[in-house]
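All remarks here apply to the structure that follows.
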Amino acid sequence: MLINHPLLGLRDAQEFVYKGDASLLQRPQYDSDNALDAFTNYAYLRSNPAGLHQELWYHEQGDRSWLVVTRNTLTHEIVNVELASEVDA
Amino acid sequence: MSRRVSPGRIGKKPVNFSFDGRSFQGYAGDTLASALLANDQMLLGRSFKYHRPRGLITLGSEEPNALVTIGSGARQTPNTRATTQELYEGLSASSQNRYPSLKFDLLSVNDRLSRFLTAGFYYKTFMWPRSFWESVYEPLIRRAAGLGKLSEVEDADQYDKGFLHCDCLVIGGGIAGLEAALEAAHQGKAVILCDENPRLGGMELFDSAPIDSVEGLIKELQSLSNVRLMSRTTVQGAFDHGVYSALTQNTDHLAQPHKAAPRQTLWRIYSSEAVLASGAHERMIAFDNNDRPGVMLSSALRGYLNYFGVLAGDTCAVFGCHDDARKTVVDLHAAGAKVIWIDTRSAHEPVDGVQCFTDARVVDTRGRHRLKGIEIEQGGERFWLPCDALGVAGGWNPRVQLTCHQGGRPRWSNDVGGFISGTDLPPGMRVVGAAAGEYLRGNWSPVWDVSKRGSAFVDPQNDVTVKDIKLAHQEGFISVEHLKRYTTLGMATDQGKNANTLGIGVLSQHTGNAIESVGTTLFRPPYTPVAIGALAGRARGKAFKPTRLTPSHEFATRQGASFVTVGNWLRAAYFPQAGETHWRESVDREALAVRNAVGVCDVTTLGKIDVQGRDAAQFLNLVYANGFLKLPVGKTRYGLMLREDGIVFDDGTAARLSENHFVVTTTTANAVPVYRHMEFVHQCLAPNLDVHLISTTESWAQFAVAGPRSRELLQRIVDLEISNEAFGFMACAETRLLDGTPARLFRISFSGELAYELAVPARFGNSLMQTLLEVGADLGATPYGTEALGVLRIEKGHAAGNELDGRTTAVNLGLGQMVAQTKDSIGRVLANRDLLANSTLRLVGFRSDQQILTGSWLIPPGRSSEQDNTLGWVSSACYSPNLGCYIAIGFISDADQYLGAQLRAVSLLDKVDVGVSVVSPHFIDPEGERLRV
Amino acid sequence: MFKLTESPALYNGDFHSPLCRLTLLPNLARLSLAPMNGELGRTREFFQKVGIELPGPTDAVLSPCLILPLGRGQWLLQGEWPDLEPINELICTTDQSDAWCGFQLAGSGGPAVLERLVAAAPQSYSCGRAVRTQIEHLGCWVVGLDNNEWQILGPRSSAESLFVALKHAALAVDALLQN
C-alpha cells in the first residue's frame, strides 16, 4: 500500500501509523453546554462508510506529518492526501 | 521405457545426482524431473491420502505430483517440485510419503480402502469418542497422510530481501512478455521483467520450431540499460497500489554456492504498471486411473522431448480434445516413437503414419508403478491398447492467479475453453499473451469427466476424485467455495492450478449447469509456495529487531550486569557483586544503598521531548490534565496526560528551561506514542500554536542520582550551587559539570529519596556513570538497575506502566485533584463522566510475610475464589528490603472501607493464595519529607 | 578532578568488501532548527546571505554543512554551520549531536546494498537528495553525497543494529556477485 504524501510523493505504508477517522479533527468545545455529549460522540462514534473514508495517518518514519487520507474502503484506492494542519476543521 | 534421444536445447554436459540413494547422470540444464525421466525413473512419489504411486504430470511450477525432498539436515527442503528443481552436481533428492520404500509402501493399503475414504470420511468417522479426535485420531491421520517432512533443524541458509522500483513490471518471459517489455522500454520506461524459469523464452522453448526470434528479443532487451531481466524470479503476489512481491532463487540451482550468499531474495516491487504475461498451463481430463506414472499432460510430453531431449515412452499415446494434441503427436512421431492418437473430436487434420482414433476417449489405464496400457472407448466399444506414456490435452488454463489477488474474479470463456481474467484487474495491470487467452483459441470440444467408475483424479495432490465431487454435491456442498473446503479440492501446494478448472468442469457436467454459472474460487498469494525463511529475510536471530543500547551500556557490561529487554532497549536489571548468588541479594543491596547512601541509575530510556515556541506553555496546558501556564522558569512539574476518553495515558515531568523552552519526559514504554500524540494535538487540534517539537531521547544520557547523600555527590560534579535553598525540590537548570561538559540538572525523585536527574550529551554518558561512582565511592555510591528502581518506586507508591494500563483514571490513581477544571485539556470532559468520576477503585498498598504475585486477584477472606468476589487486582509487587516484608500495590473497589483489612491475594494460574493486609500505597515517607531536605 | 571522555556511537563500525566500504563517522555537531511561526522568511534570507538555500522536503544541502529537511519548517544541520546568533530570536534550536550516528557508504556495490534496505526509490537518495525513511525498523536518513557515495544517519542508541543491517546486506551483495 502506498500513500501519496503531499510533500514527499509516494511512500510505502510501512512508514506510516494509522490513527482513525479524520472526524477527530473536529474536537468539540470543552465549555459548551452539551460538552459531555459532544465529546462522547467525538471519542466513540464513527461512521463506517462503504466507499470514501477520510482517515488520519501519521508519517512516523518520515517527516512526522499528520495526513488526512481519503481512501475508498471498497477498493483501497486513495483519492486524496492532505496535510492535516492545512485541512479546515 | 523413457530415455534421452537427443541433447534437446540443453547440451550434453554430464551432471551426477542421486535419487533415493541411487546414483544417476543427467545433463546441465536438466530439471530433476527431466533427468529422472531420461533415466527411466517414472515413479517419483506416493500420493497424499491413498499412497498411490505417482510420477510427474507437468514440466513447470504447477506440478502437483512430483514433490521430492532435496538435501538433508539443516538444508533439507521438502515438497520441492522436481519439475522446477534445476540439476546440479551432487544433488541428492528423495521421495516422500512412503514407508519403507517408494516401490513398496505399506500404507498403499489405503488405496484398497479408497471406497471408504471419500470426502468428509474423517469428519464422519472419527466422531466418537469426542476427545479422541485431538489426542488419537488426528495425530494418526496426520502421520499417515502428508507431504515431506521438516528436518526440525534450524535452517542453515540465509535469506535476503529488497525493494525495487520500475515503471513497468512484466510478469513472464515468454514471447508475449518479451515483446511487452521491449515496447515499454522503447517508450523510455524503466522495465523489470521477472520469469520463474532459469531461461527466458517461455513455452516457445518447448516447441520444436526454431527460437531465433525469441533469442533476438532477449538479446535486444539485454542491451538496454532501462531493462532489468530477472530469471528464476517468481512474482508471488499483487498488492494494493502497484506493489508486487517476487522471490528470486539465488542458489537453489548451485552445487556450491558462496557461503554468505542468500539462498533466496524476497523483493517488494513498486510499479504503477504491470503486464501479466504468465502464459497458460494445460489441464487433465478425468478418466479412471488417470494418475498412473506415465500419464502426463500433452504439453509436458512434448516439452520433455523438445527442450530436454527426453522421450517419455516407446509407445506414446496422446489423448486430446484440443488442437494442441496434434503438435505433440507430430513431434513424438518425428522423434521415432510409436504414437497413438485418441481424440474426442470427430474431425481434425491427420498425421501421416500415426494411428488415430476420432470420436474416441481414454476411459481407464493399467500398470502398477508405471503405465502399461489404456482402455479406449469408441463408438460404444471398449478395447485396451498397450502404451507406456500418455499425454493428455484437456485444454488450457490461462495463468490468471495474479489477477485475483485484489478480489478480481476470473470469468469463463467458451472461446478459450478456460477461465480468463475479469475486468476487475488490479489497477495498472493488463494481461497479454496466453494468460489473456491469446494463442489458445482453437478447435476445442469441452471434455471433463469420461470415467466409468469415478475413480478419476481431479486433484491428484490431495487425492480428490470425481466421486468425491459428486458425493459432496449430493450432500449439499453446492457452492464451489464449500466444495473446495469439504473435499480439499485445489487446496494443495499447487493451489488448484491443475485441479480447479477441471473440478468446476466436472461439477458443471454432473449438475447440468453451465460452467459460467458454477462459479470459481479465487487465488491468493503466493503464486507458488514460499519458504518461511524467505519471508523472514535477514530478520533472524539478533537481527530480528533493532536493539537500543543505553549510553552506559559498556560500563554495565564490564560490571557484569544482568540485562533486561524493555521494548527495544537493553537495560541493566541489576549489578551482581562477588559473592552474591541470587538476584534478590543484588537488588536488595542496591535498593538499600539508595535509601541509606546514594545510588546511580541510567534512566536515559525515559522519553524526552523538546517543546519550544512562543506558545509552548499553552500547548502543554492543553496536553496535560494539570496546569502548566504558571510554571516558573527553572522549575519542573509532574504532568499527567489523559487520553480523550478520560483514561490515563502517561505521566512524566515537564521542566521549564526558559520562557519558551520546556523539556518533557515520558515513560520508557510511551516515548514514541506520547511524541506521536503531541504531534497530533499540535498539527490536528491546534495547528496555529507556535510550537516546535523534537525528540531528544537519544541526545541526552540521563542518570538518576538518588539517596540521602546524592547532593553531596553531585556537588563534587556540577558547577552549580545546589543547596536546598539554591536548588530546591523540583528545581531544574541548564548548567555545566566542573570539567566544562554541558549538562542539565533536575531535582526530581522517583524513589522518594532526596534525588536528582543529571543529563549530559549521550557521548559522555558512559564516562559520567563511571565518574559518578568513582567520585562518590567514599559516599557509598552504588549503581542500581531496573529491578531496584522498581522496588524503590513500589515502596514509594509511585504509579508506573503496570498501573497506567489503559484502564485506570486519575481518580483511580488517587490523582483526581490533578485534573484541572478551569481549562481545556485532552480528556478533561470525559474524565468527568459519572462512570469514571464515581469509580471507587483506588490505588492501595498490600503487605504480607509471603510473596505476593503481580496479577493476583484480591478476595475477602471466607469468600470463594471467583470473579464475582474480587475487589481488585495486584498491579506491582516486590520484596521490600527496607520494610523487611513483601509489599505490593494494586487497585481495589471501596478502598477506604478496606484500609487495614485482611484480604487474600489469589492467583489461580500460579496456584498462590496469600493473606495480605491493605495499607496506604506510600510505604516509605508518606509525608514526602525526604524529598525536600 | 575528573574529565569526562567521549564514547563513539559504536566501537567497531567499519566494514570493507570488494564492492563497498562502510565507515562509521566520528561524533559530529548537529542541531535542529525550526523558525518560529511567521519567521521562516527572515530565516531563509539569513541563510541566503551566507550562500545557503534551505532545502526543500526531498533535497539536501551538502556544503558548507549538511542540511536536511527534518519535517515541515524544521531542518537538521550537521558539521560546521554559520553562526546563528543574528537569528536567535527567530528560531528554536535543539542540540541533536548525539541523537544520530552516521555511516558513510561508498562503492559500486552501494546501490545493491541500499535497494536491500530502503523501500524508497533510489532517485530519492541520489546525489544532493535525501530521504528520511526506515531501515530494518530504524528511522534513518539516506543522503546522496556523490555518485556511489552516501551518508546514512540512524539513531545513536541503535548504531550497532544499523551497522549490522548495512553489513549484512553488503555481505549478501558481495556473495551473490561471486556466486
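No value in this document is a laboratory result; all are computed from the given coordinates. Source: prediction; values computed, not measured. With ideal geometry, Cβ positions are generated from the backbone for all residues, glycine too; neighbour counts draw on all protein chains shown.
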* With r defined as the distance between the Cβ atoms of B:A777 and B:E725 and R0 fixed at 22 Å, what FRET efficiency is calculated, to the nearest 0.05? -> 0.20
* Among all the aspartates and glutamates, which ones have a C-alpha under 12 Å from B:K13's C-alpha, if same-chain residues fewer than 8 places away are not counted? -> B:D30, B:E89
* **Amide hydrogen neighbours beyond the local backbone of B:A561, cut-off 5 Å, H modeled** => none
* Residue-averaged beta-carbon neighbours from other chains (10 angstrom radius) around C:83-93 -> 2
* Kirkwood Rh, angstrom, segment B:438-481 [1 / mean 1/r, Cα pairs] -> 12.4 Å
* Separation in nanometres of the label points that stand 7 Å from Cα toward Cβ, at B:R366 and B:D415 -> 4.6 nm
* segment B:1-118: Cα Rg divided by the 2.2 N^0.38 Å rule of thumb -> 1.10
* Structure fact -> Of the convex hull drawn through the C-alpha atoms of segment B:872-933, the volume per residue in Å³ is 104 Å³
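Please give the net charge around B:L758, taking every other residue with its beta carbon less than 13 angstrom from that of B:L758, where Lys and Arg add +1 and Asp and Glu add -1. Walk me through the numbers on the way to the answer.
Details: positive: B:R711, B:R716, B:R736, B:R744, B:R747; negative: B:D602, B:D719, B:E734, B:E757.
Residues close to B:L758 contribute a combined charge of +1.
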* Structure fact -> Cα-Cα pairs in segment B:352-401 separated by more than 17 Å, as a whole percent of all pairs, come to 47 percent
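Inside 10 Å of the C-beta atoms of B:648-661, what's the mean count of C-beta atoms belonging to other chains?
Working: counts 0, 0, 0, 0, 0, 0, 0, 0, 0, 0, 0, 0, 2, 3.
Mean inter-chain Cβ contacts per residue within 10 Å come to 0.
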* **Net charge contributed by nearby residues that have their C-beta within less than 11 Å of B:S2 (K/R +1, D/E -1)** => 0
* Other chains' Cβ within 10 Å of B:256-263 residues: what's the mean? -> 6
* Asked: At a Förster radius of 41 Å, what calculated FRET efficiency corresponds to the Cβ-Cβ distance of B:Q577 and B:K630, to the nearest 0.05?
  -> 0.30
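Take peptides B:598-604, B:761-767, B:554-560, B:540-546 and line them up by average Cβ neighbours within 10 Å, highest first, as a rough protection proxy. Mind showing how you got there, number by number?
Working: B:598-604: 26.7, B:761-767: 24.1, B:554-560: 16.4, B:540-546: 13.6.
Ranked from most to least packed, the peptides come out as B:598-604, B:761-767, B:554-560, B:540-546.
Under 16 Å between alpha carbons: how many lysine pairs meet that in segment B:372-493, if sequence neighbours fewer than 8 apart on the same chain are excluded? Write out the running numbers ahead of the final one.
Details: B:K452/B:K467; B:K452/B:K470; B:K467/B:K484; B:K470/B:K484.
Summing the qualifying lysine pairs gives 4.
When the chain is fully extended, how far beyond the present Cα-Cα distance does B:Q897 get from B:E381, taking 0.36 nm per residue of separation? Don't jump to the answer; show the numbers that get you there.
Numbers: separation 516, 0.36 × 516 = 185.76 nm, distance 9.61 nm.
In short, 176.1 nm is gained.
Normalising by the residue count of chain B, find the relative contact order in percent from Cα pairs under 8 Å and 6+ residues apart. Can you show the working numbers first?
Working: 2245 pairs, mean separation 79.9, N = 933.
With pairs under 8 Å counted, the relative contact order is 9 percent.
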* Please report, to two decimal places, log10 I(q)/I(0) for segment B:777-933 at q = 0.12 Å⁻¹ as given by the Debye formula with identical point scatterers on the Cα atoms and no solvent. => -0.57
* Where does the Debye-calculated log10 I(q)/I(0) of chain B sit at q = 0.05, 0.09, 0.11 Å⁻¹, using only Cα point scatterers of equal weight, no solvent? -> -0.47, -0.95, -1.14
* To do: Using 0.36 nm per residue of separation minus the Cα-Cα distance, give me the extension gain between B:C356 and B:D40 in nm, one decimal.
  => 111.1 nm
* For the peptides C:107-114, C:149-156, B:911-918, A:42-49, what is the packing order when you average, over each peptide's residues, the other Cβ atoms within 10 Å and list the highest mean first? -> C:149-156, C:107-114, B:911-918, A:42-49
* To do: Starting from the Cα of B:D314, step 7 Å toward the Cβ, then list every residue of segment B:1-35 with an amide N under 11 Å from that point.
  => B:1-2
* Asked: Given the C-alpha centroids of segment B:366-408 and segment B:779-820, what is the distance between them in whole angstrom?
  -> 73 Å
* To do: Could you pull out every residue, at least 5 positions away or on a different chain, whose amide H is within less than 5 Å of the one on B:G29? Hs are placed 1.01 Å off N in the peptide plane, and Pro or chain starts have none.
  => B:L87
* Across 10 Å bins from the origin, how do the percents of Cα pairs in the protein assembly as shown run, short distances first? -> 2, 8, 15, 17, 16, 14, 12, 9, 5, 2, 0, 0
* Give me the compactness ratio for segment B:222-290, meaning the Cα radius of gyration over 2.2 N^0.38 Å. => 1.56
* What whole number of Å gives the distance from the Cα centroid of segment B:195-217 to the Cα centroid of segment B:460-517? -> 34 Å
* Asked: Could you put B:Y486, B:Y879 in order, starting from the residue whose Cβ has the fewest other Cβ atoms within 10 Å?
  -> B:Y879, B:Y486
* Asked: Taking the Cα-to-Cβ direction at B:Y99 and at B:R9 and moving 7 Å from each Cα, how far apart do the two end points lie in nm?
  -> 4.3 nm
* Asked: Could you give the distance between the Cα centres of segment C:20-63 and segment B:597-629, to the whole Å?
  -> 27 Å
* Structure fact -> Between the modelled labels at B:R22 and B:S208 (7 Å from Cα along Cα→Cβ) the distance in nm is 3.0 nm
* segment A:4-46: C-alpha pair distances exceeding 15 Å, % -> 57 percent
* Asked: For B:E866, B:E927, B:E795, C:E6, what ranking results if the residue with the fewest other Cβ atoms within 10 Å of its Cβ goes first?
  -> B:E927, B:E866, C:E6, B:E795
* To do: Diagonalise the Cα gyration tensor of segment B:323-366 and give the resulting equivalent ellipsoid semi-axes, square root of 5 times each eigenvalue, largest first, whole Å.
  => 17, 14, 9
* Asked: Near B:W583, within a Cβ-to-Cβ distance under 15 Å, what is the net charge of the other residues, with Lys and Arg +1 and Asp and Glu -1?
  -> -2
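Please report the antiparallel percentage of DSSP beta bridges with both residues in segment B:166-322, rounded to the nearest 5. Spell out each step's value before the answer.
Working: 13 of 26 bridges.
Counting DSSP beta bridges with both partners in segment B:166-322, the antiparallel share is about 50 percent.
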* Within a Gaussian network of chain C (alpha carbon springs, distance under 10 Å), most fluctuating of C:F103, C:F163, C:F46 -> C:F46
* Just rank B:V672, B:V664, fewest to most, by other beta-carbon atoms within 10 angstrom. => B:V672, B:V664
